[in-house]
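**Q** Let me give you the structure first, and then I'll get to my questions.
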Amino acid sequence: MRSFPGVGESSGGEVLHICLLAGEHSGDHMGAGLIAELITRNRGKIRISGIGGSEMILVGADHGFESFFPIEELSVGGIFEIAPHIPKLLRRINETARNIRELNPDIVISIDSPAFAFRVGKKLKGTGPILVHYVAPTVWAWRPRRARMIAGFLDHLLMIFHFEAPYFTKYGLDATFIGHPVVEMGFDQGDGPKFRRSHRIGETQPLLCVLPGSRHSEVNLLLPVFGEVLGLLKAEIPNLAVVLPTVATVSDKVREAAARWPLPVIVTEGIADKRDAFAASDVALAASGTVTYELAVAGVPMVIVYRMFFMSSLVIKLMSKLTYASVVNIILGREVAPEFIQGRCKAKNIAYALKRLFRDPESHNAQVRDLAEVAQALGLGQVPPSQRAADVIMEIAAKRRVARPPTP
């Protein structure tokens, strides 16, 4: 794609002001990558504001970025699980819209977290900034009519899956496929031998990577199941080693639960350790979500699980149009990785599927081949998504400068 170096500046050196809104750990990483690319393209003459976590703060600090409030306040999932948090979230939505109106940035880029981002976007429609959303909502999975509503206030949509465009362009919303950000996070470049040496895991010792999620609602429901699964695997695979990469938002809860599990667990934090843990692992047990894409890029065969509160599950089941829960399976239209969702999320079923991946080379290798195909569909080996996204943003900025030239 084309680059637009320096487009963010007027002839007088005017600074481009970008406001980014991330609501979760994965969005924080995407935002950090985009900020870095935009800083490069604007030769440093850029102002950053908005909401983000540690990664966005680190990259954007020299350009004015301070999160309006802690990103952890927005990391709430589930339809009914979110209910107790609604009053505070509504206050934060109003506060965010008010801050943006006062700051008057050139472009507002919301990243995923549609429940928050779209409510802010509606309040900002027509107030000045161009509104861009990064990661299209899954209207292809449920509530396809939302595409019309979204087209009513957004100016541009950045898509991470190639099949999404027609759902939005038919309503006149400009949409660009950029690829999934996970492909540039280095999960195909981890150092497995180093990780095993560092944690005294034998070269041929079986290693299971467990990933219970990054939201409190997820880990609360899945950690007990994971503990049961390990109890069953301990009897079948006596020398099994276990690693659990986690994030700061749920680290304390995860460590407390893992300490009670029947096998010693290596708990890690940080993306570098996560990459190496993936490279070292033979099989993964993962909550359905972004981490399954990370595992696909790393080529780690997995079993996918998920639980949510009953009422949330019932609503989604009634509205969903999909055969599979995980995009890893949706992309290829077949069960690449076994899924155990809601009522099927039982320790005995999960342990059996994991044991098969450990002991059946044919099943293990077949999934590795399928995951390579998934990774390619996500954009692995192509122009990095953050670069594509930055190119689109710079083109939008260039058009805005023409439409609204700076005051002499």
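**Q** If you check A403, A390, which single one turns out to be at pLDDT 95 or above and among the aliphatic types (A, V, I, L, M)?
**A** So the residue among A403, A390 that is at pLDDT 95 or above and among the aliphatic types (A, V, I, L, M) is A390.
**Q** Quick check on this structure: which one of A165, A248 is within 19 Å of G270 (Cβ to Cβ), within 26 Å of the chain's Cα centre (by Cα) and in contact (Cβ under 8 Å) with a residue 12 or more places away in the chain?
**A** A248
**Q** Which of (1) farther than 21 Å from I100 by Cα; (2) modelled with pLDDT of 85 or more; (3) not polar (S, T, N, Q) does F80 not meet, given it meets every other one?
**A** (2)
**Q** Pick out the one residue from L285, L263 that is crowded, with 21+ Cβ neighbours inside 10 Å and touching a strand residue (DSSP E or B) at 6+ places or on another chain (Cβ under 6 Å).
**A** Of L285, L263, the one residue that is crowded, with 21+ Cβ neighbours inside 10 Å and touching a strand residue (DSSP E or B) at 6+ places or on another chain (Cβ under 6 Å) is L285.
**Q** Residues that are part of a strand (DSSP E or B) and surrounded by 21 or more Cβ atoms within 10 Å (Cβ to Cβ): does segment 35-46 have at least one?
**A** Yes, segment 35-46 contains at least one residue that is part of a strand (DSSP E or B) and surrounded by 21 or more Cβ atoms within 10 Å (Cβ to Cβ).
**Q** Of the residues in segment 290-325, how many are among the small types (G, A, S) and at pLDDT 85 or above?
**A** Total satisfying the criteria: 3.
**Q** For a quick check of your reading of the model, give me the residue pairs whose first member lies in segment 356-381 and is assigned by TED's automatic domain parsing to the domain that holds L208 and over 19 Å from T204 (Cβ atoms), whose second is of a type in the set (A, V, I, L, M, F, W, C) and not in a helix (DSSP H, G or I), with beta-carbon atoms closer than 6 Å and at least 6 apart or on different chains.
**A** What qualifies is D370/V336.
**Q** Among the helices (runs of 4 or more DSSP H) contained in segment 122-224, which hold 1 or more residues that are under 18 Å from A389 (Cα atoms)?
**A** The helices (runs of 4 or more DSSP H) meeting that bar are 165-169.
**Q** Let me ask something additional. Report, by residue number, each residue of segment 172-207 that is closer than 13 Å to V243 by Cβ and small (G, A, S).
**A** Listed by number, the residues that qualify are G190, G192, S198.
**Q** Which one is nearest to V265 (Cα to Cα), of the residues in segment 193-245 that are surrounded by fewer than 21 Cβ atoms within 10 Å (Cβ to Cβ) and among the acidic types (D, E)?
**A** E228
**Q** Hey, S217 hits all of (1) at pLDDT below 95; (2) at positive phi but one; which does it fall short on?
**A** With (1) at pLDDT below 95; (2) at positive phi applied to S217, the lone miss is (2).
**Q** Here is a further query. Looking at L332, L285, can you tell me which residue is in the same structural domain as R197 (by TED's automatic domain parsing), modelled with pLDDT of 85 or more and out of contact with any Leu (no Cβ under 8 Å at 6 or more places or on another chain)?
**A** Being in the same structural domain as R197 (by TED's automatic domain parsing), modelled with pLDDT of 85 or more and out of contact with any Leu (no Cβ under 8 Å at 6 or more places or on another chain) holds for just one of L332, L285, which is L332.
The values are calculated or read from the model by the stated rules, or taken from the named source; none is laboratory data. Computed from a predicted structure; not experimentally measured. Ideal geometry is used to build each Cβ from the backbone, glycine not excepted, and the neighbour counts take in all protein chains shown.
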